[in-house]
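No lab work stands behind these numbers, since they all come straight from the coordinates. For clarity, every value in this text was computed on a predicted model and none was experimentally measured. Here the Cβ positions follow ideal geometry from the backbone for every residue, glycine too, while neighbour counts run over all protein chains shown.
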Amino acid sequence: MSKFYRTAILFIEEFSSFPNLKFEVCDSLETLFDADIIVSCVSFAHSELAPVSQYRRGCTIIPIHTSGFQNCDLEFEKVFVDDVDHVKKYRYFEQFRHKMARITDVANGRAEGRTNDEERILVYNGGIALTDMYWAMKIAEKIGNDCPTIPMSYPKERFWV
């Protein structure tokens, strides 16, 4: 049993008490294509992982390292980012910028989030901790925990804690 597989099993055990969550350790990419939310930790891919047509309508992809999903930049209906400067150097930035919104704008109602069950959304989080904490809170809220509202704003500079 690899350390990665053991880590996945420990993660599943930690969160298995939530009735709204279902986990599956996948042996192949094909298993992912029916998922509502795909969080990818692939750190390197020689090319796109799959044709866009493989991802089901209505899915959200959150690639931690972005590798393997660049073709989704062009065809997904929306791209959400936490930091515009972080994605300006992406290969297809000029082609997807018209459908891009800051996550803070979506959270504050200044930009549309998901408007229907068919939209495919790609989320590029560059690593702004406040955004990560906000979305963790929203996920916990969706699965039944009471969470306080956290005011969101644009990051003005990068800093280390």
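Of Lys89/Lys138; Lys22/Lys89; Lys22/Lys88, which sit over 31 Å apart, Cα to Cα? Going by Cα-Cα distance, Lys22/Lys89; Lys22/Lys88 fall outside the 31 Å limit. Once backbone amide H atoms are built at 1.01 Å from N, Ile61 has Ile38, Ile121, Leu122, Val123 as its partners under 5 Å, excluding neighbours fewer than 5 places away on the same chain. The HN-Hα couplings worked out from phi for the stretch 103-116 by the Karplus form 6.51 cos²θ - 1.76 cosθ + 1.60 (θ = phi - 60°) are 4, 5, 5, 5, 4, 9, x, 8, 9, 5, x, 5, 10, 7 Hz, whole numbers, x standing for Gly and Pro. The relative contact order of the stretch 1-108, computed from alpha carbon pairs under 8 Å that lie at least 6 residues apart in sequence, is 19 percent.
Electrostatic bookkeeping for Leu21 treats Lys and Arg as +1 and Asp and Glu as -1; over the other residues with beta carbon under 13 Å from its beta carbon, the sum is -2. Distance between the modelled labels on Ile64 and Lys22, one decimal in nanometres: 2.4 nm (7 Å Cα→Cβ projection). Residues whose amide H falls under 5 Å from that of Arg102, counting only those 5 or more places apart or on a different chain, are Val81, with hydrogens built in the peptide plane.
By DSSP, the beta bridges lying fully in the stretch 33-127 are antiparallel in about 0 percent of cases. Residues of the stretch 44-59 falling in the label zone of Phe33, defined by backbone nitrogen less than 17 Å from a point 7 Å along Cα to beta-carbon, are 48-59. Charged side chains reduced to their Cβ positions (Lys and Arg at +1, Asp and Glu at -1) give the stretch 33-127 a dipole of some 200 debye around its Cα centre. Here the peptides 100-111, 31-42 are ranked by packing, the mean other Cβ count within 10 Å, and the order with the highest first is 100-111, 31-42.
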